[in-house]
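Structure first, then comments.
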Amino acid sequence: MTQKLNPAQLLFESSSSNETGCLQFNGESVSWRVYLQAGKLKYADCSIQLMAELKYYLLRQGCKAAAAALKDMPPLYLKTQAKMEQNSSGRSLYQQTLLWLLKEKHIDRLQLSQLLEEITQDSLEFCFWLTEGNFNWNRDESNPAWIREQIGESLSLDIADLINFLKQRLTKWQNCASSLLSPHQRPYILDYRDINKSPSSGTLSQQALNELAQMMRRGLSFRQLSIVLNRDELHIAQILSPYIEKKVIHLRNPQSPLDKLPDIPRLLAKEKLSQASKTFKIACIDDSPTILNEMQRFLEEDRFEVTAIDDPVQASAVIFRLEPDLVLMDITMPRINGYKLCSLLRSSNVFKETPIVMVTGNTGMIDKARAKMAGATDYLTKPFTQEGLMNIVNKYLQQI
């Protein structure tokens, strides 16, 4: 019997009870299995399993050679895989393919563990968008045997941390264009003369928009574009949203069977009003009280809640407690520099998508390659004006 569902809440309650077993969620044409052991998340999968999606996970984890090796799978094996894709209840596609990649040494056990974590997170993101269906709990099902045989019990995810991270992502998805309902939708330009009608809120140059238009001709989804551009699919959706709202860019539906996955839950009018009046939390980290005072003065608006942190060593503890929407961080600080602190924050799921802006006294002093590796989103040069600071703050907060 179909009922209103809140999978995230149900999962959190099962975790809090230190349950061991399998929580299954069923939508109209798709289902998910979530395996728990003593309240810890071990693995989650979805009944829709496609080779194209597995290739996406491989490329996301940097396993390019393994992704390329998929075409070298034995013909008989590929026929078996094709049958699995057609059978919506046959969930062994990922299992069989990953075990083949492991056997042929295209991936190792550490990479297998990372891929399983990627599959789990992606499966749960769509599962949390399920608002109607049913669920059941099976205490007899534990972590799949094939996973235990290959990596033991090493994969164990913190549910509260992951739920919080996916809720933050959902809010960002909901603030994208109203017609954007899935990362599997395929953007396209109907009339190429519309490229010259870019919205004022658009951030793409004419050249960048033209290059994207050429890619869109290939019928790529946001997810597929993310691999080509080496950017997160949500980030691409945020950038393209102003163009979608102004109908410069249109959207095709996801290809089957991906069209069976839940849509992004849309915000109610009351929730939109609440978000419009949201107060954004900004953390400013600098060992200079003068710079911190200047930032606080420039950001003295009701919609900003600014926290000044002058001790870089204590900064991580404050930020993890605060969970800001934006971090402004000096690079050259005593005892721990901005690169190291940025990398530390990025190692947590909570801050994987949080904009982190490096602040430096000279653009020549910033090692852009090192900043990118550490996970920096952008940089701001000192001394800065109020206009310059507001521009970069609004640039990233309008995407939240």
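Structural remarks
- Set Glu118, Glu153, Glu149, Glu141: member being within 16 Å of Tyr35 (Cα to Cα), of a type in the set (Asp, Glu) and touching a Lys or Arg at 6+ places or on another chain (Cβ under 7 Å): Glu118
- Among the residues making up region 205-228, those that are in contact (Cβ under 8 Å) with a residue 12 or more places away in the chain and more than 28 Å from Phe126 (Cβ to Cβ) are Leu209, Asn210, Ala213.
- Region 299-326 - residue that is part of a helix (DSSP H, G or I) and touching a residue at least 24 places away in the same chain (Cβ under 8 Å) and, of those, nearest to Asp161 (Cα to Cα): Phe320
- With a requirement of 2 or more residues that are within 30 Å of Leu41 (Cα to Cα), modelled with pLDDT of 90 or more and not assigned by TED's automatic domain parsing to the domain that holds Ser14, the helices (runs of 4 or more DSSP H) lying completely within region 140-223 that satisfy it span 159-174.
- Total residues in region 371-400 satisfying the condition of being touching a residue at least 60 places away in the same chain (Cβ under 8 Å), among the β-branched types (Val, Ile, Thr) and part of a helix (DSSP H, G or I): the figure is 1.
- Output for region 117-139, where each listed residue is hydrophobic (A, V, I, L, M, F, W, C) and assigned to a loop (DSSP other than H, G, I, E, B): Phe128, Trp129, Leu130
- In region 182-198, the residues that are surrounded by fewer than 17 Cβ atoms within 10 Å (Cβ to Cβ) reach residues that are not in a loop (DSSP other than H, G, I, E, B) with C-beta atoms within less than 6 angstrom, at least six apart or across chains, in these pairs: Tyr188/Met216; Tyr188/His250; Leu190/His250.
- When residues in region 256-292 are screened for being in contact with a Cys (Cβ under 6 Å, 6 or more places away or on another chain) and modelled with pLDDT of 95 or more, 0 of them pass.
- Arg231, sole failed condition from (1) touching a residue at least 24 places away in the same chain (Cβ under 8 Å); (2) surrounded by fewer than 20 Cβ atoms within 10 Å (Cβ to Cβ); (3) of a type outside the set (A, V, I, L, M); (4) closer than 19 Å to Lys395 by Cβ: (1)
- Any hit, region 350-362, residues being assigned to a strand (DSSP E or B), surrounded by 13 or more Cβ atoms within 10 Å (Cβ to Cβ) and touching a residue at least 60 places away in the same chain (Cβ under 8 Å): yes
The values are calculated or read from the model by the stated rules, or taken from the named source; none is laboratory data. These numbers come from a predicted model, not from an experiment. Counting neighbours? That spans all protein chains shown, and the Cβs are built from the backbone with ideal geometry, glycine included.
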